[in-house]
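Asker: One structure, pasted below without further comment.
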Amino acid sequence: MNILVLAPCLFSDRPSDGGTLMARAFLLSLVPRHKIFVVAYDGYFQADAATVAATKAQMEAWASAVYVVPWPRSLTEKLRALLRQLFLFEPESIALDTPAFRQACKHALAAHPIDIVIASFSQMAQFVDLFPNHPTIMDTQDVFSVSKFRLAALPGSPLAKLARTITWLKWVRFERRHYRRFDHLLVVTEQDRYGISLFLPEAKSTLLPRLVDTTQPSLAATTPPFHIGFLGTFAHEPNVLSVQFLLEQVIPILRARIPDLKVLIAGKNPPQHLLDIAPPGVEIAGFLPSVDDFYARIAVIAAPLVTGGGIKIKIVEGLLSGLPVVTTSIGAEGTSLTSGVHALVADTPSSLAAAILRLLEDPALRSTLGAAGRAHALHLCSREDHDRLIDAVFHTITSPPE
């Protein structure tokens, strides 16, 4: 079949965040059996023309055609989006609803006999009205009605909590209005599926396993230079809040027991306030070109996620590395892992610190837990289950009604 994909960014061969990594892996899984056509923005972070052209060329190695639309960066486009947010109660993603992107979608439809349309990421749901005569799938990745609710529930000033609550209500309205027009929704966790059911009980959805690179070897090192590490892009607000939680509430407890504690935090564009609060012994390295290098330098992966939605790819990749993982209930969502068997799960600063200390003091437990976590992740990312489920979805939405 010919599948048209709508995306908010291009998918490079080396994605810088978990969402694009999962979306790219999903599309690559379709390539052996289908033709993929992509309409995408060139990305939130403005890249030079050479980088955009190179990424487009990488995608053209597996996609039949790639249409690139410039991200709306002009003053007029920004003002138009701001007015729609203020007066139409729309989330910030409304900025992506531009005439240029709609025209590119129409051009792709005219140029190719499209059988199925997939909107990749919730931001692209607003274009479903362009395809009244095509079967449509919403690949949610992250249901913002869930993740923004969690963000609004976090402690903060009254003004901050009000702003976060308004953002959450905008996303509930946005997703309810657009999701209902899709023939099928793909979700990555049961929590996301439940969240959708609260405002759209009639929605048809499938919990689809997410694919990552399962060919990497175990990377656990014998004597790594750092005790613990966190990896994640800081363009994603939940990562910023989680690292802040780690620095302010967990590390002080650990340092009382391990005065020379060494912590490695890696990720693109770390904000200044995290650099300012990082105590001695904490290295905020920014972007690391090699993920393998990050894993080889730490003994324990600490991912105390306090908010967010969808499956957290950093947890799955961490498990695949063969290193022991300590995370929260939110971090473990969508992984079906068992605490104490595949990883350690805790939700308070004291219990998280206790879990990390337990692993740092017991090399045998680190080895056992890391091996069990890797085996679990390999099973979690089953290509056979993934292909069977997506084939069933395609069959259902393209079959004539009985």
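Asker: Among the residues of the stretch 350-372, is any in contact with a Pro (Cβ under 7 Å, 6 or more places away or on another chain) and closer than 27 Å to Arg14 by Cα?
Answerer: As a first pass, look at the stretch 350-372 and keep what is in contact with a Pro (Cβ under 7 Å, 6 or more places away or on another chain): 352, 359, 366, 369-370.
So of that shortlist, the ones also closer than 27 Å to Arg14 by Cα come out as 370.
Among the residues of the stretch 350-372, at least one is in contact with a Pro (Cβ under 7 Å, 6 or more places away or on another chain) and closer than 27 Å to Arg14 by Cα, which makes the answer yes.
Asker: Which number in (1) assigned to a helix (DSSP H, G or I); (2) out of contact with any strand residue (DSSP E or B) (no Cβ under 9 Å at 6 or more places or on another chain); (3) buried (at least 24 other Cβ atoms within 10 Å of the Cβ) marks the one condition that Asp292 misses?
Answerer: (3)
Asker: Next up: Restricting attention to the stretch 109-159, which residues are hydroxyl-bearing (Ser, Thr, Tyr) and crowded, with 21+ Cβ neighbours inside 10 Å?
Answerer: So in the stretch 109-159, the residues hydroxyl-bearing (Ser, Thr, Tyr) come out as 120, 122, 136, 140, 145, 147, 157.
Those that are hydroxyl-bearing (Ser, Thr, Tyr) and crowded, with 21+ Cβ neighbours inside 10 Å: Ser120, Ser122, Thr136, Thr140, Ser145, Ser147.
Asker: Restricting attention to the stretch 366-396, which residues are surrounded by fewer than 17 Cβ atoms within 10 Å (Cβ to Cβ) and closer than 30 Å to Asp115 by Cβ? Give the derivation first.
Answerer: Our first condition is that a residue be surrounded by fewer than 17 Cβ atoms within 10 Å (Cβ to Cβ); within the stretch 366-396, this holds for 367-368, 371, 375, 378-379, 382-385, 387-389, 391-392, 395-396.
Answer for the stretch 366-396, where residues must be surrounded by fewer than 17 Cβ atoms within 10 Å (Cβ to Cβ) and closer than 30 Å to Asp115 by Cβ: Ser382, Arg383, Glu384, Asp385, Asp387, Arg388, Leu389, Asp391, Ala392, His395, Thr396.
Asker: Checking Phe89 against (1) part of a helix (DSSP H, G or I); (2) on the phi > 0 side of the Ramachandran plot, only one condition comes out false. Which one?
Answerer: Here Phe89 meets the rest and fails (1).
Asker: Another one. Taking the conditions exactly as written (buried (at least 19 other Cβ atoms within 10 Å of the Cβ) and touching a Lys or Arg at 6+ places or on another chain (Cβ under 9 Å)), does Thr327 satisfy them or not?
Answerer: Spelling it out, Thr327 is indeed buried (at least 19 other Cβ atoms within 10 Å of the Cβ) and touching a Lys or Arg at 6+ places or on another chain (Cβ under 9 Å).
Asker: Counting only residues that are out of contact with any Leu (no Cβ under 7 Å at 6 or more places or on another chain) and under 16 Å from Leu360 (Cβ atoms), which one in the stretch 259-281 is surrounded by the most Cβ atoms within 10 Å (Cβ to Cβ)?
Answerer: Val263
Asker: Being under 26 Å from Leu231 (Cα atoms) and modelled with pLDDT of 90 or more is the requirement here; does Asp42 meet it? Before the answer, list the steps.
Answerer: Numbers: under 26 Å from Leu231 (Cα atoms): yes; modelled with pLDDT of 90 or more: yes.
Criteria met by Asp42.
Asker: Here is a follow-up. Trp62 passes all but one of (1) within 27 Å of His386 (Cα to Cα); (2) modelled with pLDDT of 95 or more; (3) of a type in the set (Phe, Trp, Tyr); (4) not in a loop (DSSP other than H, G, I, E, B); which number fails?
Answerer: Tallying (1) within 27 Å of His386 (Cα to Cα); (2) modelled with pLDDT of 95 or more; (3) of a type in the set (Phe, Trp, Tyr); (4) not in a loop (DSSP other than H, G, I, E, B), Trp62 fails exactly one: (4).
The rows are residues; the columns are (1) in a strand (DSSP E or B); (2) crowded, with 23+ Cβ neighbours inside 10 Å.
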residue	(1), (2)
Ile311	no, yes
Val316	no, yes
Leu344	yes, yes
Asp347	no, no
Ser350	no, no
Ala354	no, no
Leu357	no, no
Ala364	no, no
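Asker: For Val306, only one of the following conditions fails: (1) part of a loop (DSSP other than H, G, I, E, B); (2) closer than 20 Å to Leu21 by Cα. What is its number?
Answerer: Status for Val306: all satisfied but (2).
Asker: Looking at Arg173, Arg150, which is the one that is under 17 Å from the mean Cα position of the chain (by Cα), in contact (Cβ under 8 Å) with a residue 60 or more places away in the chain and more than 26 Å from Ala392 (Cβ to Cβ)? Can you show your working first?
Answerer: Values: Arg173 fails: under 17 Å from the mean Cα position of the chain (by Cα).
Answer to the selection: Arg150.
Asker: Taking the stretch 39-59 only, how many residues are outside any helix (DSSP H, G or I) and surrounded by fewer than 18 Cβ atoms within 10 Å (Cβ to Cβ)? Let's see the steps before the verdict.
Answerer: Here is the first cut: in the stretch 39-59, the residues outside any helix (DSSP H, G or I) are 39-48.
This time we only want the ones that are surrounded by fewer than 18 Cβ atoms within 10 Å (Cβ to Cβ), so: 44-48.
The number of residues fulfilling the criteria is 5.
Asker: Further, regarding this structure: Can you pull out every residue in the stretch 63-87 that is surrounded by fewer than 16 Cβ atoms within 10 Å (Cβ to Cβ), among the polar types (S, T, N, Q) and over 22 Å from Ile36 (Cβ atoms)?
Answerer: Result: Ser74, Thr76.
Asker: Is at least one residue of the stretch 386-402 under 30 Å from Leu154 (Cα atoms), in contact (Cβ under 8 Å) with a residue 40 or more places away in the chain, out of contact with any Asp or Glu (no Cβ under 7 Å at 6 or more places or on another chain) and part of a helix (DSSP H, G or I)? Reasoning before the result, please.
Answerer: Taking the stretch 386-402 first, the residues under 30 Å from Leu154 (Cα atoms) are none.
Checked the stretch 386-402: no residue is under 30 Å from Leu154 (Cα atoms), in contact (Cβ under 8 Å) with a residue 40 or more places away in the chain, out of contact with any Asp or Glu (no Cβ under 7 Å at 6 or more places or on another chain) and part of a helix (DSSP H, G or I).
Asker: Taking the residues in the stretch 1-20 that are modelled with pLDDT of 85 or more and in a loop (DSSP other than H, G, I, E, B) as candidates, determine which candidate is farthest from Asp142 (Cα to Cα). So that I can check it myself, show each step before the final result.
Answerer: Taking the stretch 1-20 first, the residues modelled with pLDDT of 85 or more are 1-13, 20.
Filter once more, keeping what is in a loop (DSSP other than H, G, I, E, B): 1, 8-13.
Numbers: Met1: 26, Pro8: 13, Cys9: 15, Leu10: 18, Phe11: 17, Ser12: 20, Asp13: 21 Å.
Per the stated criteria, the residue is Met1.
Asker: Taking the options Leu86, Leu96, name whichever one is touching a strand residue (DSSP E or B) at 6+ places or on another chain (Cβ under 8 Å), farther than 20 Å from Ala65 by Cβ and aliphatic (A, V, I, L, M). Reasoning before the result, please.
Answerer: Values: Leu86 fails: touching a strand residue (DSSP E or B) at 6+ places or on another chain (Cβ under 8 Å).
Residue meeting the stated conditions: Leu96.
Asker: Which residues, counting only those in the stretch 10-23, are without any contact (Cβ under 8 Å) to a residue 60 or more places away in the chain and either in the same structural domain as Ile313 (by TED's automatic domain parsing) or surrounded by fewer than 22 Cβ atoms within 10 Å (Cβ to Cβ) (or both)? I'd like the intermediate steps shown before the answer.
Answerer: In the first step, residues of the stretch 10-23 are kept if they are without any contact (Cβ under 8 Å) to a residue 60 or more places away in the chain; the result is 10-15, 20.
Those that are without any contact (Cβ under 8 Å) to a residue 60 or more places away in the chain and either in the same structural domain as Ile313 (by TED's automatic domain parsing) or surrounded by fewer than 22 Cβ atoms within 10 Å (Cβ to Cβ) (or both): Ser12, Asp13, Arg14, Pro15.
The values are calculated or read from the model by the stated rules, or taken from the named source; none is laboratory data. Just so it is clear, the structure is predicted and the values come from calculations on it, not from any experiment. Cβ atoms come from the backbone with ideal geometry, glycine included; neighbour counts cover every protein chain shown.
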